Amino acid sequence: MLGYLAAAALCLAAVLVMRTDPWSLAELPGLGFIFPEKCESSGGRLLSREELSGYHGGHGSPGLYLAVLGQVYDVQKGMKHYGPGGSYSFFAARDASRAYVTGDFTEGGLVEDVSELSPAQMLHLHNWLSFYQKNYAAVGKLIGHFYDEAGNPTKALENAQAVIDIGVKLKKQRHEENKQFPPCNSEFSSGTSRVWCSKKSGGIQRDWVGVPRKLYLAGYDGYRCVCVRTTGPPSEWPDSKEHNDRGDLDNPSLKEYKDCNPLFDWCLLKE
């Protein structure tokens, strides 16, 4: 019984030391094997902003860390990028989640608040998080905006994840749309632009060429140029036996380009 109490006291001491001087843990004998699951929070260490600020990789710093959406990573092996003088040094020792998307690397932009980012932007940020998860060692969680003092997700993190989920759904939806209406090829020269269709455009390989059209979709501003199939049944009724053999040309979300031959697979834009 006394042994258990002694071990528990040592564990508590370790937690207190971790919050003040984590590098002193090595001086606590036996800590590595006495109830380790009780001395660490699930998901690794819990760091305050003040603690994280010390991990800038410079003189006197115990290491090189950064955080994304409250998750802390050891980026020591990327010292030439994240260390002092590196091209990404402004990401070190803080959570600057917003800047990964906005590109605002001023002090006012290097912040963790992502509440105003769109689903597409949050999906891009999630890709950055996946990059760190794959390439760097996870350290733990940053206490504050995305995690509370017990390491539990805050409402801000739940909201961020919800927007990411929307971004994933929109990406899948766009992929399906692109299979039906692949983006046009395009080029710009001397103030004019040309769009055209081929059997591979917008990364979509297919066995038909199609013709350029403007695609207007609910929830999107403006239109985008897409290639439209001109023969066979419409995509909404692929097994239809009764159709006008016009492919998707009659889709109500499509409009022709002004002053362009509607049957040509290219168009010089004059708008």
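Charges were assigned to the Cβ only: +1 to each Lys and Arg, -1 to each Asp and Glu. The resulting dipole of the range 79-168 about its Cα centre is roughly 400 debye.
Legend: residue pairs Lys172/Lys199; Lys200/Lys255; Lys200/Lys241; Lys172/Lys241, Cα-Cα distance threshold 26 Å; pairs beyond threshold, Lys200/Lys241; Lys172/Lys241.
Subtracting the Cα-Cα distance of Gln205 and Gln173 from their residue separation scaled by 0.36 nm leaves 9.7 nm.
The 3J(HN,Hα) values that the Karplus relation (6.51, -1.76, 1.60; θ = phi - 60°) gives for the range 143-151 are, in residue order, 6, x, 6, 9, 9, 8, 5, 9, x Hz. Gly and Pro appear as x.
Rg over Rh for the range 110-183 works out to 1.07, both radii taken from alpha-carbon positions and Rh defined as the Kirkwood radius.
A simple spin-label model places the labels of Asp165 and Asp245 4.8 nm from each other, with each point 7 Å out along Cα-to-Cβ.
Straight-line reach from Lys80: which lysines have Cα under 26 Å away, leaving out those fewer than 8 places along the same chain? Leaving aside lysines fewer than 8 places away in the same chain, those within reach of Lys80 are Lys134, Lys141. By a straight-distance test (C-alpha under 13 Å), which aspartates and glutamates pair with Lys258 as possible cross-link partners, with residues fewer than eight away in the same chain excluded? Hits, sequence-local ones excluded: Glu271. In plain terms, the bigger the Kirkwood radius, the slower the diffusion; for the range 135-237, with that radius from Cα pairs, at 10 °C and 1.306 mPa s, Stokes-Einstein puts D at 91 µm²/s.
Each Lys and Arg Cβ is given +1 and each Asp and Glu Cβ -1; about its Cα centre, the range 97-143 then shows a dipole of about 300 debye. The convex hull defined by the C-alpha atoms of the range 73-123 has an orientation-averaged projected area of 3.9 nm².
A straight Cα-to-Cα reach below 19 Å connects Lys171 with the lysines Lys179, residues fewer than 8 places away in its own chain not being considered.
Here the dipole of the range 162-259 is about 320 debye; that uses its Cα centre as origin and unit charges on the Cβ of Lys and Arg (positive) and Asp and Glu (negative).
Atom-type composition of the exposed protein surface of the range 47-186 places 52 percent of the accessible area on carbon and sulfur (1.4 angstrom probe). Annotation: amide H-H contacts under 5 Å for Gly202 (H modelled 1.01 Å from N, sequence separation of 5 or more, or interchain): none. Normalised by 2.2 N^0.38 Å, where N counts its residues, the alpha-carbon radius of gyration of the range 44-202 equals 1.28. Sorting 61-72, 179-190 by their mean Cβ neighbour count within 10 Å, with the most densely packed peptide first, gives 61-72, 179-190. Centre-to-centre, using Cα atoms only, the range 153-167 and the range 98-112 are separated by 19 Å.
The values are calculated or read from the model by the stated rules, or taken from the named source; none is laboratory data. Quick caveat, the model's predicted, so the values are computed rather than measured. Note: ideal-geometry Cβ built from the backbone for every residue, glycine included; neighbour counts use all protein chains shown. Keep in mind that these areas ignore ligands, DNA and RNA; they rest on the heavy atoms of the full protein, side chains included. Shrake-Rupley method; radii C 1.70, N 1.55, O 1.52, S 1.80 Å.
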